[in-house]
Amino acid sequence: MDIDWAALGQVFGVSLVATVGLVGLFTLGIVGHAPRRTQDTASSGSAAAAASPAGSAGRVSQASPVARAGGYLCYALCLVAVAYGIYLIAA
Amino acid sequence: MEHITLLIGIVIITALVFDFTNGFHDTANAMATTISTGALTPRIAVAMSAGLNLVGAFLSIEVAKTISSGIIDEGSGVQPEVIFAGLVGAIIWNLLTWLAGLPSSSSHALMGGLMGATIAAVGTGAVNGDVVVMKVLIPALAAPLVAGIASLCATRLTYRLARHAQEEQTAKGYRAGQITSAALVSLAHGTNDAQKTMGVITLALVTGGALAPGSDPPVWVIASAGMAIALGTYLGGWRIIRTMGKGITDIQPPQGFAAQTSAAATILASSHIGFSLSTTHVCSGAVMGSGLGRKGGVVRWSTAGRMVVGWALTLPAAGLVAAGAALLAEQGDWGVTAVAVLTVAICGAIWLRSRREPVDHTNVNDVRPAGAPVPAQAAAGEAPEPAGVVTTALQAVAPAPAGTGEVSAAPALSGTAGPEERPGERPGEQGAHAAPGRPASASASSVS
């Protein structure tokens with residue numbers, strides 16, 4: 001019996017890093033583009049992404065140019081990853 | 001010669017039918033989360049997946065040299081009857097699991113079928129036991145774990161990063177992300193799985209002397225395999241989509257995104273590194289992981305347990321059917337005919353059975369309390385409609401973890417903490433409890 005632990009470990013490591021990295025990157029892109037709420041953030045701060053339909057938003061302002069640019073950078077990196085994925089499928 | 005040609009023709013048609021059930025069965029892998037979170041409407045989701053499967057079939061011409069991944073000693077010459085019987089076993093098992101709404105691996109069904117047919121026809125000597133462990137058992141255990149852990153971490157991360165953002169602002173982004181990941185999974189599926197069929201047909205043609213050994217599959221083989229898998233994908237195994245998208249856990253857009261990305265990354269990483277994992281196992285594991293990753297998320301372990309039992313049964317069950325078919329087919333022309341007629345009859349019976357409680361694109365997202373159409377007739381009798389309405393209403397109204405996070409998370413987490421330990425160690429027992437576990441799963445869904 002010859003179990004290829006190295007390959008299994010590699011698959012695990014690569015999958016974990018790629019998934020967490022891409023999801024993190026893409027979420028940063030989303031957050032970068034989302035307008036900021038200038039108040040009332042503390043009240044729901046501890047919870048995860050608020051799904052409240054009641055829209056408890058305070059004043060909403062546009063995302064800053066820097067944040068937007070950062071968001072685009074994140075999206076671009078994700079696109080590169082997708083292109084690499086397609087390349088892997090075709091290769 | 002005439003006889004061989006007819007047999008080869010039957011093998012080709014059977015291979016295409018298997019390809020069709022493969023697409024049909026695996027739509028859920030790519031599209032279940034996308035459909036259940038509403039990122040795409042059911043019709044559009046399956047159409048997109050079908051198109052990408054077709055494209056995927058043409059994307060790579062590297063043919064799987066060994067159709068059984070080395071499990072069977074193919075050097076000694078595989079008889080067309082054996083291939084035929086193996087395909088029949090795989091098709092029937094695929095349809096049975098579809099009827100039960102269980103996502104199970106089509107590749108395992110094909111391997112099991114070929115193994116069973118070979119054992120019946122040649123004997124156990126032609127099957128490589130070590131390879132079975134290496135290619136089937138270990139990946140089956142590893143796939144859900146790898147994808148599940150990746151998906152769990154990613155879900156935690158994305159909720160944490162986006163915790164200050166409003167849902168309306170992030171919805172579009174998550175939607176795009178989900179669709180992209182699902183598209184990658186579809187594409188990879190078309191490339192991998194359509195090639196298996198091409199390999200089978202090419203092997204049959206070579207055996208019959210229509211092609212020179214070692215030649216590439218002709219264009220019509222590639223095209224027909226791609227069309228068959230795309231058609232199957234388009235018709236959609238809605239029962240399995242329902243189980244994957246709604247039965248295991250209630251998926252929010254961020255979870256769907258994390259799960260689908262984890263599935264795509266794991267599938268690509270594993271096939272690139274050469275430790276192939278089953279798409280079905282990867283996707284199921286990813287969905288479970290995302291269910292554990294959200295605060296207040298509940299994984300219905302009874303459904304998960306049934307799935308694990310289904311996975312464990314896939315190889316032996318497809319093998320048994322195939323072995324029977326092989327014994328019959330070896331009797332000569334009448335045997336092959338009998339197997340073909342029986343297969344058509346069984347498929348028809350399964351289809352008729354499914355019409356009693358149809359699941360299609362219109363009701364794929366309607367959840368029954370058990371969340372699972374598994375013992376279909378029982379669910380219809382026991383599960384009262386109002387409960388379904390209440391559950392749905394709760395899901396629609398409940399502001400996921402938001403303000404009530406502190407309160408609802410505690411019972412929900414303690415609810416999952418216990419059973420969480422179990423399925424990994426004793427999958428069999430979980431499955432045995434599947435039926436009595438249903439009330440529990442109903443109450444679990446109302447907690448969320």
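Quick look at the numbers
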| quantity | calculated |
| --- | --- |
| Count - residues of the range B:271-291 that are modelled with pLDDT of 90 or more and open to solvent by 10 Å² or more (accessible area, probe 1.4 Å) | 1 |
| Pairs, first more than 11 Å from chain A (Cβ to nearest Cβ) in the range B:121-140, second of a type in the set (Phe, Trp, Tyr), C-beta under 8 Å, six or more apart | B:Ala140/B:Trp311 |
| Yes/no for B:Leu187 being open to solvent by 10 Å² or more (accessible area, probe 1.4 Å), in contact (Cβ under 8 Å) with a residue 40 or more places away in the chain, touching a helix residue (DSSP H, G or I) at 6+ places or on another chain (Cβ under 8 Å) and closer than 23 Å to B:Thr280 by Cβ | yes |
| Count of the range B:18-32 residues which are buried (at least 24 other Cβ atoms within 10 Å of the Cβ) and of a type in the set (Phe, Trp, Tyr) | 2 |
| Failed criterion for B:Ala228 (all others in (1) within 11 Å of another protein chain (Cβ to nearest Cβ); (2) open to solvent by 10 Å² or more (accessible area, probe 1.4 Å); (3) closer than 23 Å to B:Ser276 by Cβ; (4) modelled with pLDDT of 85 or more hold) | (1) |
| B:Tyr234, sole failed condition from (1) under 30 Å from B:Ala32 (Cα atoms); (2) at pLDDT below 85 | (2) |
| In the range A:54-91, the residues that are more than 8 Å from every other protein chain (Cβ to nearest Cβ) and at pLDDT below 75 | A:Ser56, A:Gly58, A:Arg59, A:Val60, A:Ser61, A:Gln62, A:Ala63 |
| Single match in B:Gly256, B:Gly208, B:Gly199 (criterion: under 25 Å from B:Asn363 (Cβ atoms) and of a type outside the set (Val, Ile, Thr)) | B:Gly256 |
| The range B:336-354, subset in contact (Cβ under 8 Å) with a residue 24 or more places away in the chain and of a type in the set (Gly, Ala, Ser), residue most open to solvent (accessible area, probe 1.4 Å) | B:Ala340 |
| Unmet requirement for B:His164, which otherwise passes all of (1) away from chain A (no Cβ under 11 Å); (2) outside any helix (DSSP H, G or I); (3) surrounded by fewer than 24 Cβ atoms within 10 Å (Cβ to Cβ) | (1) |
| Residue, farthest from B:Arg242 (Cα to Cα), within the range B:321-357, restricted to residues that are polar (S, T, N, Q) and part of a helix (DSSP H, G or I) | B:Thr337 |
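One line per residue, one yes/no per condition, for (1) open to solvent by 30 Å² or more (accessible area, probe 1.4 Å); (2) modelled with pLDDT under 90; (3) in a helix (DSSP H, G or I):
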{"site": "B:Gln169", "(1), (2), (3)": "yes, yes, yes"}
{"site": "B:Ile179", "(1), (2), (3)": "yes, no, yes"}
{"site": "B:Ala183", "(1), (2), (3)": "no, no, yes"}
{"site": "B:Thr197", "(1), (2), (3)": "no, yes, yes"}
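To keep it simple, each residue is scored yes or no on (1) at pLDDT 85 or above; (2) over 13 Å from B:Pro316 (Cα atoms).
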| position | (1), (2) |
| --- | --- |
| B:Val63 | no, yes |
| B:Glu74 | no, yes |
| B:Gly77 | no, yes |
| B:Val82 | yes, yes |
| B:Gly129 | no, yes |
| B:Val132 | no, no |
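The values are calculated or read from the model by the stated rules, or taken from the named source; none is laboratory data. Source: prediction; values computed, not measured. In this analysis, Cβ positions are derived from the backbone assuming ideal geometry, glycine residues included, and neighbour counts consider all displayed protein chains. Side chains included, ligands, DNA and RNA excluded: accessible areas come from the protein's heavy atoms. Shrake-Rupley method; radii C 1.70, N 1.55, O 1.52, S 1.80 Å.
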